[in-house]
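S.K.: I'd like to ask you about the structure that follows.
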Amino acid sequence: MARLQVGGSQADVARELGVSQSVISRLASRHRPTGSVNDRPRSGAPRVTDNDDQYLRTYALRHRYANATHLQVRLRDVRETRVSRQTIRNRLHRFGLSARGPLQVTPLTPKHHRECFQWVQDHVTWTMQQLRVHNDGTGPFEDP
């Protein structure tokens, strides 16, 4: 800004700094009324900082089953940053992550337990070879 104040042209300053002339023009118009090129306070929620993003990413990686609501509460309590659940999802998406809850599975009934136990009882004497043949190729009986 000092260069402009002593008579330098916006085009010359832009060329020296390697930016477009419109950037210098915008900064000059921001500098005139306030004497500063910093952003002025504005209404709305404060921006989520890079540090907040990094905390969110690290916490989500360490707690893989934390959902967006849990992450939102954690960010508010630890970093004193209030953001929406959708913002949490958007930020995680940028990191290639997603907020998720534990997998919901249908609980086994007593009948399922009895049938499973009976199958084990019936096959307790099987050899590893017999188990391999019976297995679909995805279980723990496969050789590495």
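Derivation of every value follows stated rules applied to the coordinates shown; laboratory data play no part. Just so we're clear, the structure is a prediction, and the values are computed from it rather than from any experiment. A quick note on method: Cβ atoms are made from the backbone with ideal geometry, for glycine too, and the neighbour counts reach across all protein chains shown.
S.K.: Could you say whether any residue in region 79-100 is closer than 17 Å to R47 by Cα, of a type outside the set (V, I, T), in contact with a helix residue (DSSP H, G or I) (Cβ under 7 Å, 6 or more places away or on another chain) and not in a helix (DSSP H, G or I)?
M.R.: Yes, that holds for at least one residue.
S.K.: Which ones in region 40-56 are assigned to a helix (DSSP H, G or I) and touching a residue at least 24 places away in the same chain (Cβ under 8 Å)?
M.R.: Across region 40-56, the qualifying residues are N51, D52, D53, Y55, L56.
S.K.: From V73, V124, V105, V120, which residue is free of Cβ contacts under 8 Å to residues at least 24 places away in the same chain, closer than 19 Å to A45 by Cβ and of a type outside the set (G, A, S)?
M.R.: V73
S.K.: Could you tell me whether T106 is loosely packed, with under 10 Cβ neighbours inside 10 Å, farther than 30 Å from H70 by Cβ and not aromatic (F, W, Y)?
M.R.: Judged against the criteria, T106 is not a match.
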